[in-house]
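Undergrad: Before anything else, here's the structure in question.
What follows draws every value from the coordinates through simple rules; no lab data is involved. A quick note: this is a predicted structure, and the numbers were derived from the prediction, not measured. Using ideal geometry, Cβ is built from the backbone for each residue, glycine included, and neighbour counts are taken over all protein chains shown.
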Amino acid sequence: MTQVVRWRLKKIGQTVNLPSIGVCPVTRLGQPQERSLCMRFKLIAVAAFALLTSGCATPPPSPPAPGSAASKVVAMGELKNIAIGNMRVARENGFMTVGVQLNNTDKRNKTFYYRFAWLSAEGFPVADDEVWKPQLIYGGQNSFLQSIAPTPKAVDFRLELQTP
Amino acid sequence: MFARVSCLAVFALLVSGCVDNSPTLGSNNISYGDPRAVETVTNEFGSTDLQMIAESMTRSLAQSGVLQGRPVVQVYDVMNKTSEYIDTREITTSIKTQLMKSGVARFASDNTAMQSQIDQLKLQNQSGLYKKSTVAKTGNMIAAKYRLEGSISSIVKRSSDYKDVFYKFSLQLIDVESGLAEWMDEKEIRKTTER
């Protein structure tokens, strides 16, 4: 059970009460300066402990494998309840066409924003930024995003997604 | 002592935040925004609608394979059948620009630019001011093989809780000689305001 540490800072330089951590020893004469110094050391110890334990937190997920569907998706922040499924890439009449399957894992309807970025073989854009497009996906729906490249020079793409 | 040092550190941090080396001039209540952002200021026809329509129509036409060998296309004005003011010429200008950039078509002078084209030809040929070898000769303009025309309409429904506007933009490519429509597509947009 976590203990709530209640701070009562009267004035800087004076005693800080931390009843949950423990009581600092008081000299026979009850010197307030010694008690204040003891409290400061306890604060520093708590801060150091918090820093150390934060290092034990879950490590960040490994980056997606190059060429996989996940590596083509650039999420602007956390993708809430949108799962990316299969992707289909084809070249029709010289223009790259992409189809991406999306699934709304929530029961509620959701609006998200997306756009495609079209890249050359070196990974640099071959066209101007597209407009952000709003899309409604119903609760539990499996839907498809389809797009065509603006120029035959595009050989790769990225899907930028943002869920508000 | 510790308290005084921490006070000084906090003060120094606050003061350092006031240093501004950004290359801007003017007040902070005006800022540049993203021209590609989704605009939902009102539910009337907006920048996002224009951009989505132009992008969708252009990509569909370019990828359809109808425009083989970079044919010459004449673009006509889009008919505005909605109840609001929409600068439809901007829609066709965006479509022309994107098609030109994709390299699939060339465009003949449309009805707005035709007068300028005629004036320039007359000036070069009839004024006697230009060197004969540099003059553009009359009778050499390339005629359009296709013509591109479209329309935009809207359906507006209102209730006490909702205002719903449904736009439908349709565009078709017609062979000038045969009169046949070789390609057609439409884009639908719904904008709803919840009161």
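Undergrad: Between B:Arg36 and B:Thr192, how many nm apart are label points set 7 Å from Cα along the C-beta direction?
TA: 2.8
Undergrad: Can you grab the distance from the C-alpha centre of segment B:29-79 to the C-alpha centre of segment B:118-178, Å, no decimals?
TA: 16
Undergrad: OK, next. Under 23 Å between alpha carbons: how many lysine pairs meet that in chain B, if sequence neighbours fewer than 8 apart on the same chain are excluded?
TA: 22
Undergrad: To the nearest 10 degrees, how steep is helix B:2-17 against the longest Cα principal axis of chain B, on a 0 to 90 scale?
TA: 20
Undergrad: What is the fewest-to-most order of A:Ser120, B:Ser6 by other Cβ atoms lying within 10 Å of their Cβ?
TA: Result, fewest neighbours first: B:Ser6, A:Ser120.
Undergrad: Whole-Hz Karplus ³J(HN,Hα) for segment B:43-57, in order, using 6.51 cos²θ - 1.76 cosθ + 1.60 and θ = phi - 60°, x for Gly and Pro?
TA: 3J(HN,Hα) across segment B:43-57, in whole Hz: 9, 7, 4, x, 5, 5, 4, 4, 5, 5, 5, 4, 5, 5, 5.
Undergrad: Sticking with this one: Which FRET efficiency, nearest 0.05, do B:Glu177 and A:Val155 yield, Cβ-Cβ r, R0 30 Å?
TA: That pair, B:Glu177 with A:Val155, gives E of 0.25.
Undergrad: What ³J(HN,Hα) values, in whole Hz, does the Karplus curve 6.51 cos²θ - 1.76 cosθ + 1.60 give for segment A:117-134 when θ = phi - 60°, with x put for Gly and Pro?
TA: 10, 9, 10, 7, 4, 7, x, 9, x, 9, 8, 5, 4, 7, 6, 6, 10, x
Undergrad: Cross-link partners among lysines for A:Lys80, C-alpha distance below 22 Å, same-chain residues fewer than 8 apart left out?
TA: Excluding near neighbours in sequence, the set is A:Lys72, A:Lys107, A:Lys110, A:Lys133.
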